[in-house]
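The values are calculated or read from the model by the stated rules, or taken from the named source; none is laboratory data. The shown structure was predicted, so the numbers you read here are calculated from the model rather than taken from an experiment. Note: ideal-geometry Cβ built from the backbone for every residue, glycine included; neighbour counts use all protein chains shown.
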Amino acid sequence: MGPYKGVDVVSRAGRLVAAFRQAGGTVVLVRVERPNVAEQPPGSGFVPEMLPRTGDITVVKRTIGAFYGTDLAGQLRERAVETVVMAGIATTMGVESTARAASDHGFEVVFASDAMSGMTTLEHEHALTVTLPRFGEVLTTDEVLQRLG
């Protein structure tokens, strides 16, 4: 099991969402829809704590990352977003794939290291110390919130 439980990741991500909404920032909520399956597996939708609100961007991804095959980059540009703060599960899958694409699209990237988790502590820590710093800055949720405030 990874370094953080899902409930803890959701709690920290919820703090980020609330702070960005309060500051007038853009909130992007991503859910997965797997193609060619009769029924979407558990965990494919939004958790109750992360239900979209008016003004949020909602992305339904059908691949590992949130940019490919979606209009996320265009929606962010329409709102003049230059920096994206990333959280989610799993660190070495959706987060990492989306981060690479965000960088490819020219966005600055910040990672909330304790608002994401991997399948194992080892892969999560490797992502945070080796891979993700190549695409952006790795901070804790508290550090992100401090900078936002």
Check region 107-120 and report whether any residue there is more than 14 Å from the chain's Cα centre (by Cα) and over 24 Å from residue 147 (Cα atoms).
yes
Complete set of residues in region 107-137 that are at pLDDT below 95 and in a loop (DSSP other than H, G, I, E, B)
118, 119, 120
Can you say whether residue 125 is touching a residue at least 12 places away in the same chain (Cβ under 8 Å), surrounded by fewer than 18 Cβ atoms within 10 Å (Cβ to Cβ) and within 19 Å of residue 4 (Cα to Cα), as far as the supplied structure shows?
yes
Out of the residues in region 55-72 that are within 16 Å of residue 27 (Cβ to Cβ) and of a type in the set (A, V, I, L, M), state the one that is surrounded by the fewest Cβ atoms within 10 Å (Cβ to Cβ).
60
When you go through 32, 37, 27 one by one, which is the residue that is modelled with pLDDT under 95, crowded, with 16+ Cβ neighbours inside 10 Å and either within 23 Å of residue 114 (Cβ to Cβ) or not acidic (Asp, Glu) (or both)?
32
Filter region 1-24 down to residues that are β-branched (Val, Ile, Thr) and under 14 Å from the mean Cα position of the chain (by Cα) and give me whichever is surrounded by the most Cβ atoms within 10 Å (Cβ to Cβ).
9
Is it true that some residue in region 17-27 is among the charged types (D, E, K, R) and assigned to a loop (DSSP other than H, G, I, E, B)?
no
In contact with a strand residue (DSSP E or B) (Cβ under 6 Å, 6 or more places away or on another chain), without any contact (Cβ under 8 Å) to a residue 40 or more places away in the chain and not small (Gly, Ala, Ser), is that true of residue 135?
yes
Residues (part of a helix (DSSP H, G or I) and surrounded by 11 or more Cβ atoms within 10 Å (Cβ to Cβ)) located in region 41-54
49, 50
Taking region 55-106 and keeping residues assigned to a strand (DSSP E or B) and either over 11 Å from the mean Cα position of the chain (by Cα) or modelled with pLDDT of 95 or more (or both) leaves 57, 58, 59, 60, 61, 83, 84, 85, 86, 87
Does region 75-84 contain at least one residue that is hydrophobic (A, V, I, L, M, F, W, C) and in contact with a Gly (Cβ under 6 Å, 6 or more places away or on another chain)?
no
Of all residues in region 132-149, which are among the polar types (S, T, N, Q) and surrounded by fewer than 18 Cβ atoms within 10 Å (Cβ to Cβ)?
140, 146
Flagged pairs (Cβ under 6 angstrom, 6 or more apart or on separate chains; first in region 6-26, more than 14 Å from residue 148 (Cα to Cα) and touching a residue at least 40 places away in the same chain (Cβ under 8 Å); second of a type in the set (Ser, Thr, Tyr) and assigned to a helix (DSSP H, G or I)) are 12/141
